[in-house]
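Structure, as structure tokens:
The values are calculated or read from the model by the stated rules, or taken from the named source; none is laboratory data. Not measured: the values here are computed from a predicted model. Reconstructed Cβ throughout: ideal geometry from the backbone, glycine too, with neighbour counts over all protein chains shown.
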Amino acid sequence: MPEEEREDQEREEPEFPEESGHKKMARADRRLSHSERESRLLVKRSEDYQVFDNVFDVPTLMTINQMVDDGIIKHVRGSLAAGKESKVYLAVAPDESLRILKIYLTVSAEFKKRMQYIAGDPRFSDIKKGSRNLMTLWAKKEFKNMQAAKAAGVRVPAPIAVRKNVLVMEFVGDSEGNSVPPIVESEVTEDDYLQLIEQVSLLYQKARLVHADLSEYNIFKTDKGIMLFDFGSAVDIQHPNSKQFLVRDVINVNRFFAKRGIDVMDAVQAVEKIKGETK
């Protein structure tokens, strides 16, 4: 080849080798394929359910995908409830049973208000800055609270797994995916009130926890009896504000049952009974 033609060809060659371009395209293709796989694993496509929204940022998707790989869930079936700090989804396990997937929102400002339930709790003394760290801690806190409550004989959904800001627990409802409604939507009796006091007593005396966010919206009436939900705010009884939280819980539930025409204990008497100071 003449020298002049060789110089012209060299000038026309791209700045990066052709192989480098192929590698870039291959990497982009792998990323797209990975994203598509995550989408297929995460959501069972149907006309009834649409799951993707602002909850599923990339780290959360990776966490859920890891749970799929580990056999904790098979896929997410649909949305159940949404709050200021978390969203709750119905998930399907590998054995086709139903589970709850609770995802703490990574952009929620509510967690700054929740520091009072963590600071002072002897189990969580190492608190790092950053919203994602706080949400990971909160998910871990709820999981540990549920484990302690379950071990103490308190009726709570069975905790299954926690990873980062994602918590998986037992689904309480029918096979169609209809969850048990909160007690605010149910007929209540005096026995329901006495069962509740018994459950809160077990939580305090055996699990050494105060729920700290108890209301008619996270108490459920099931076939097995009164069940407690939402343990993210629960604190160890050594927490400096545990007594204040317990009194507030009692006042909340007393107010609800009293409005329904149920005879309730005096708040002081109820607190003493819960703490095991009276028979």
Could you grab me the full set of residues in region 203-227 that are surrounded by fewer than 17 Cβ atoms within 10 Å (Cβ to Cβ) and β-branched (Val, Ile, Thr)?
222
Scanning region 62-105 residue by residue, the ones that are within 12 Å of the chain's Cα centre (by Cα), outside any strand (DSSP E or B) and either surrounded by 18 or more Cβ atoms within 10 Å (Cβ to Cβ) or among the acidic types (Asp, Glu) (or both) total 2
If we ask which residues in region 171-181 are surrounded by fewer than 16 Cβ atoms within 10 Å (Cβ to Cβ) and assigned to a strand (DSSP E or B), their number turns out to be 0
Given the conditions (1) surrounded by fewer than 17 Cβ atoms within 10 Å (Cβ to Cβ); (2) under 24 Å from residue 253 (Cα atoms), every one holds for residue 148 apart from (1)
List pairs: first in region 258-279 and under 11 Å from residue 247 (Cα atoms), second outside any helix (DSSP H, G or I), Cβ under 6 Å, 6+ apart or cross-chain?
272/278
Boolean, residue 239 is outside the structural domain of residue 136 (by TED's automatic domain parsing), at pLDDT below 95 and not basic (Lys, Arg):
yes
